[in-house]
Structures are given as C-alpha cells and as structure tokens.
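The values are calculated or read from the model by the stated rules, or taken from the named source; none is laboratory data. What you see is a predicted model, and the numbers here were worked out from it, not measured in a lab. For neighbour counting, all protein chains shown are included, and Cβ atoms are generated from backbone atoms with ideal geometry for every residue, glycine included.
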C-alpha cells in the first residue's frame, strides 16, 4: 500500500488519537529507518526510547526467531522458561528482590499504585483507615490509564477524563520544602520520575530524591521510581536513581525492556511484595515467553557489548555538542539530560515545531515534548558520526528558523539509502 492509501484507510477505520507525520516506514537497520521509497532517516527517537539496540539487532532477531519456533504464549496459570531468568537479571541490576511482568509502562505504574495501597493496608496496625494518599510531582507523566492519569500533573492529559482516582496531591518539582509540607501519615506513597521525560527531560535533584527517600521511610510510605523512560541504560547506568545513592521501594520499567515487543515490569523489595497474594493482581499477556526471552537477550546484549559505558561516553559528547550549539543560537534556552536522554529547550513552541519539521525534512527523527522542548532518545549504539550529522543539521535549521521564522524547505540530505 502507498502512503496515501494507508492514510485514507486509517482515517476511515482508526480512532483519531494520533496526529501522525506523513512518512510510511518499511524497515529499519541499526540507527536508521527506511521509508516506502527506500530513503534513510537517522533515528534519534528510537520509538520514544524503545529501540535501544537500534533496528534489526542480530541478538534480538535471533531471540525472536528461536522462541517463535517454540512457544509464543502460555497463560500465567503455568510456568515457562523465562520469567524467573528475566527477574533474576532485573533484581540483580536494580538491587531489589522481586518482579511482576505486565504489558506496558502504564500497566506497571498502575500495578505499583495498587501495591502501595495494599502495602499500607497490610501494615495498618491501629484499626484506623490505612494510609492511602499518594504524592506525585508537578510536570509529571506516568501514563494514560486512570490511576496513571491521576498521578500525571499535566492538565491536557487529565481534563477530558476527570474525575480521576482520588487521593493524589502534587508537589512542586525539586521543591524540598513543599515535599516536607505535604508529606504526613496519610501518605502511602510518593511517586516520581528521577528524570521527567514527557515533562521536558528534567532531572530531579539529588537533595530532592534523598529527602523523598527519607520522608518515605519516616512515615512508612513507599518511594516509587518511574524508570520507564530513564531506566535500563538510557542514562548510562541501569537506573537513573542509582547515581543519587538511594534505593526505591518499587521501580517500574518498560520501553526498551523487550526491544520493541510489549513488556513492562514492577520491581520491588521482599517486604513490599508480601502485600500481594494470589488473585490480587494479574495479566493475560504480561510476561509471555516470547517477550521475556527477548528481554533476556536485550539485557545480556547491553552488558556483553559494554553499552552502559558507551552511552555515558557518547552521551557526554552529544551533550557537549548541544551546549556548543546553544552558545551559537540565542533561541536555545537550556540543554538538559544525561547519557542518551537529552533535550534542547527553545524560546517558543512555534520555533520548536519549526525546528522539528526542519529536522524531519532532513530525514532526522526527534520529537517535541512540553511544547518547547526538542527531545533526543537515540539508540544506545549511536556513534560520533551520527551525532555530528545531527548537530550540523540542527545548526542549519536553527539558523534558517531564526532568519525566516520557520523551518526551511530544503530537500532532505544525508544518510545511506537502500
């Protein structure tokens, strides 16, 4: 089917939830995607942080082919070979004890909230109402189910579906005093992203995270870390919280975990895990043999190929080049992020949109979040030459946008073709 015919079919048949770019992708290799005409696009978004090993990685292809010939699905009423193997790896790298597997990040977050409420009920010894309130952060994003939306601060995601799950209070991001003021014995959990993703790649401060850990311990509440976007190597560490000397009670992961197949996970301590008993939570598809086998291959590949160190190294180079770019362009307000989770904040939403379109015309994929922020989430296999190509294009687009007030209409250049 042509792009035009696909667009017509989707317009007639799908719910109108996406405003897609007019590009039809047919295949991917390494850090490149190829459209229906065989043109290559440098992928600096990796499916919004999902394709961390790029496209068509041999280890992932082999794991899919091997397991697809054996067993795709078996219900969670029975055992298969890979859930315990995957849990062993995840608990080892996180410092936690147990795992639950689901299908997505929002499901993982939803389950974490349920686990926090159940844990408070389990430890309620005074016969009064157990702690049930949840603290979340301004500028946060945790997903699109009702519990996840209730803990997501941005109004545009929440308003069409209110009233949401009650009992959530928002704390100003990185405001330690506001956190102290709102934390009391009615709180069962504080949930946060160590680096806010949809909120514009905004890292939480070391002080704020450490105070959140201390207050959660003081009030016997849980600290829940949403590492769905910033975890599993994206910052050059397995988890973003690990650079701040804390251990959460619950961690949620998803995005790159199964290298493009749907898989999320809740990781937690032994003590917290006791709040769940058989029948209290579950999933039909979560933790199936195909997705878990691929996730094992993903984690093993990151370790075997030394990609955490590579992400730190290439991420530092990428950030340095972005900072040099910012020094040349007054429209750039700030550079943020760690590893390969980076952002340029521009001075207006219109300019950010124009630059995004200009990059797409040059066949380089990024995206815009929080209106004014250009977000970079490239595959971990990114190389210096790819960074240089992206910076050269950004420099040209920002210069043209500054002169004309919009992105230029130059023909796409650069990148291999099929």
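Remarks
- Failed item, numbered, when residue 379 is tested on (1) at pLDDT below 95; (2) part of a loop (DSSP other than H, G, I, E, B); (3) farther than 21 Å from residue 196 by Cβ: (1)
- Answer from 202, 213, 220 - the residue that is under 18 Å from residue 272 (Cβ atoms) and in contact with a strand residue (DSSP E or B) (Cβ under 8 Å, 6 or more places away or on another chain): 213
- Residue check, residue 260 under 17 Å from residue 136 (Cα atoms) and touching a residue at least 40 places away in the same chain (Cβ under 8 Å): no
- Filtering 21, 34 for residues that are part of a strand (DSSP E or B) and either more than 23 Å from residue 255 (Cβ to Cβ) or not assigned by TED's automatic domain parsing to the domain that holds residue 276 (or both) leaves a single hit, 34.
- Restricting the search to helices (runs of 4 or more DSSP H) fully inside segment 152-230 and requiring at least 3 residues that are over 22 Å from residue 345 (Cβ atoms) gives 176-182, 206-218.
- Checking 334, 392, 383, 361 one by one, the residue that is out of contact with any helix residue (DSSP H, G or I) (no Cβ under 8 Å at 6 or more places or on another chain) and within 25 Å of residue 312 (Cα to Cα) is 392 and no other.
- Candidates in segment 360-384 are the residues that are touching a strand residue (DSSP E or B) at 6+ places or on another chain (Cβ under 8 Å) and free of Cβ contacts under 8 Å to residues at least 40 places away in the same chain; of these, the one that is nearest to residue 18 (Cα to Cα) is 368.
- Of the residues in segment 335-352, at least one is surrounded by 19 or more Cβ atoms within 10 Å (Cβ to Cβ), assigned to a strand (DSSP E or B) and free of Cβ contacts under 8 Å to residues at least 24 places away in the same chain.
- Condition check for residue 288 on (1) in contact (Cβ under 8 Å) with a residue 24 or more places away in the chain; (2) closer than 20 Å to residue 250 by Cα: one failure, at (2).
- Yes/no for residue 84 being within 25 Å of the chain's Cα centre (by Cα), more than 13 Å from residue 294 (Cα to Cα), assigned to a strand (DSSP E or B) and assigned by TED's automatic domain parsing to the domain that holds residue 236: no
- Sole residue being without any contact (Cβ under 8 Å) to a residue 60 or more places away in the chain, under 21 Å from the mean Cα position of the chain (by Cα) and surrounded by fewer than 17 Cβ atoms within 10 Å (Cβ to Cβ), chosen from 56, 95, 28: 56
- Residue ID - surrounded by the most Cβ atoms within 10 Å (Cβ to Cβ), chosen from residues in segment 160-178 that are without any contact (Cβ under 8 Å) to a residue 12 or more places away in the chain and under 20 Å from residue 196 (Cβ atoms): 178
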